[in-house]
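A.B. asks: Supplied in C-alpha coordinates, the structure appears directly below.
The values are calculated or read from the model by the stated rules, or taken from the named source; none is laboratory data. Small disclaimer: the values here were computed from a predicted structure and weren't measured. Please note: Cβ atoms are built from the backbone with ideal geometry, for glycine as well, and neighbour counts cover all protein chains shown.
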Amino acid sequence: MPTLPPKAAYVVRQRQTRQHHCHWPGCTRQVPPAMWGCREHWYRLPKPLRDRIWRAYRPGQEADQRPSREYLEAARDVQAWIAENTTKELPL
Ligand SMILES: [Zn+2]
(Lines give C-alpha, C1' and ligand atoms only; values in the text may rest on other atoms or scores of the structure.)
Protein backbone atom coordinates (compact mmCIF):
# COMPACT_ATOMS: atom_id res chain seq x y z
CA MET A 1 0.00 0.00 0.00
CA PRO A 2 1.29 3.48 -0.80
CA THR A 3 2.09 5.63 2.21
CA LEU A 4 -0.31 8.53 2.69
CA PRO A 5 0.68 11.92 4.04
CA PRO A 6 -0.07 12.04 7.80
CA LYS A 7 -3.23 14.12 7.55
CA ALA A 8 -4.72 11.92 4.84
CA ALA A 9 -3.80 8.80 6.79
CA TYR A 10 -5.53 10.23 9.85
CA VAL A 11 -8.73 10.99 7.96
CA VAL A 12 -9.00 7.63 6.23
CA ARG A 13 -8.69 5.71 9.49
CA GLN A 14 -11.46 7.67 11.22
CA ARG A 15 -14.66 5.83 11.96
CA GLN A 16 -18.29 6.75 12.48
CA THR A 17 -17.91 7.80 16.12
CA ARG A 18 -21.24 9.58 16.32
CA GLN A 19 -24.17 10.65 14.19
CA HIS A 20 -22.75 12.91 11.53
CA HIS A 21 -24.12 13.26 8.04
CA CYS A 22 -22.75 14.64 4.83
CA HIS A 23 -22.80 18.45 4.72
CA TRP A 24 -24.38 18.53 1.29
CA PRO A 25 -27.86 20.01 1.81
CA GLY A 26 -30.42 17.24 1.98
CA CYS A 27 -27.91 14.40 2.00
CA THR A 28 -28.46 12.09 4.96
CA ARG A 29 -25.59 9.71 4.33
CA GLN A 30 -23.57 9.07 7.47
CA VAL A 31 -19.89 9.93 7.18
CA PRO A 32 -17.17 9.90 9.86
CA PRO A 33 -17.03 13.28 11.64
CA ALA A 34 -13.51 13.79 10.29
CA MET A 35 -14.93 14.01 6.77
CA TRP A 36 -16.84 16.85 5.19
CA GLY A 37 -19.27 14.67 3.36
CA CYS A 38 -19.89 11.57 1.35
CA ARG A 39 -17.59 10.72 -1.50
CA GLU A 40 -20.14 11.54 -4.17
CA HIS A 41 -20.84 15.04 -2.90
CA TRP A 42 -17.26 15.83 -1.95
CA TYR A 43 -16.18 15.28 -5.53
CA ARG A 44 -18.97 17.46 -6.86
CA LEU A 45 -17.26 20.43 -5.23
CA PRO A 46 -14.78 22.36 -7.37
CA LYS A 47 -11.20 21.42 -6.59
CA PRO A 48 -10.23 24.88 -5.28
CA LEU A 49 -12.96 24.62 -2.63
CA ARG A 50 -11.99 21.08 -1.72
CA ASP A 51 -8.39 22.24 -1.41
CA ARG A 52 -9.40 25.06 0.93
CA ILE A 53 -11.37 22.71 3.18
CA TRP A 54 -8.53 20.23 3.15
CA ARG A 55 -5.85 22.80 3.96
CA ALA A 56 -7.89 24.39 6.76
CA TYR A 57 -8.93 21.09 8.29
CA ARG A 58 -7.03 20.23 11.46
CA PRO A 59 -7.04 16.59 12.58
CA GLY A 60 -9.02 16.46 15.82
CA GLN A 61 -11.20 19.50 15.19
CA GLU A 62 -14.18 17.20 14.81
CA ALA A 63 -13.57 15.93 18.34
CA ASP A 64 -12.87 19.20 20.15
CA GLN A 65 -15.36 21.14 18.02
CA ARG A 66 -12.90 23.95 17.48
CA PRO A 67 -12.42 24.38 13.75
CA SER A 68 -10.32 27.34 12.69
CA ARG A 69 -11.82 30.48 11.25
CA GLU A 70 -10.31 29.53 7.91
CA TYR A 71 -12.17 26.24 8.03
CA LEU A 72 -15.47 27.88 8.91
CA GLU A 73 -15.04 30.39 6.09
CA ALA A 74 -14.23 27.65 3.62
CA ALA A 75 -17.23 25.61 4.80
CA ARG A 76 -19.47 28.66 4.39
CA ASP A 77 -18.16 29.29 0.88
CA VAL A 78 -18.85 25.66 0.01
CA GLN A 79 -22.47 26.06 1.08
CA ALA A 80 -22.74 29.26 -0.96
CA TRP A 81 -21.28 27.50 -3.99
CA ILE A 82 -23.76 24.64 -3.63
CA ALA A 83 -26.66 27.06 -3.32
CA GLU A 84 -25.59 28.91 -6.46
CA ASN A 85 -24.81 25.88 -8.55
CA THR A 86 -27.44 23.27 -7.85
CA THR A 87 -30.79 24.99 -8.09
CA LYS A 88 -31.42 23.55 -11.54
CA GLU A 89 -30.69 19.94 -10.69
CA LEU A 90 -32.98 19.27 -7.76
CA PRO A 91 -33.59 16.91 -6.16
CA LEU A 92 -30.25 15.56 -5.12
ZN1 LIG B 1 -23.64 13.44 0.50
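A.B. asks: Any residue in segment 67-76 that is under 24 Å from residue 87 (Cα atoms) and within 16 Å of the ligand (Cβ to nearest atom)?
C.D. replies: Within segment 67-76, one or more residues are under 24 Å from residue 87 (Cα atoms) and within 16 Å of the ligand (Cβ to nearest atom).
A.B. asks: Considering segment 62-77 alone, what residues qualify as being under 12 Å from the mean Cα position of the chain (by Cα) and under 14 Å from residue 14 (Cβ atoms)?
C.D. replies: The one that is under 12 Å from the mean Cα position of the chain (by Cα) and under 14 Å from residue 14 (Cβ atoms): 62.
A.B. asks: Given the structure, is residue 32 in contact with a Ser or Thr (Cβ under 8 Å, 6 or more places away or on another chain) and either surrounded by fewer than 16 Cβ atoms within 10 Å (Cβ to Cβ) or modelled with pLDDT under 95 (or both)?
C.D. replies: yes
A.B. asks: Only one of 88, 47 is modelled with pLDDT of 95 or more, more than 16 Å from the ligand (Cβ to nearest atom) and loosely packed, with under 12 Cβ neighbours inside 10 Å. Can you tell me which?
C.D. replies: Result: 47 is the single residue among 88, 47 that is modelled with pLDDT of 95 or more, more than 16 Å from the ligand (Cβ to nearest atom) and loosely packed, with under 12 Cβ neighbours inside 10 Å.
A.B. asks: Among the listed residues 24, 42, 36, which satisfies the condition of being touching a residue at least 60 places away in the same chain (Cβ under 8 Å) and within 14 Å of the ligand (Cβ to nearest atom)?
C.D. replies: Exactly one of 24, 42, 36 is touching a residue at least 60 places away in the same chain (Cβ under 8 Å) and within 14 Å of the ligand (Cβ to nearest atom), namely 24.
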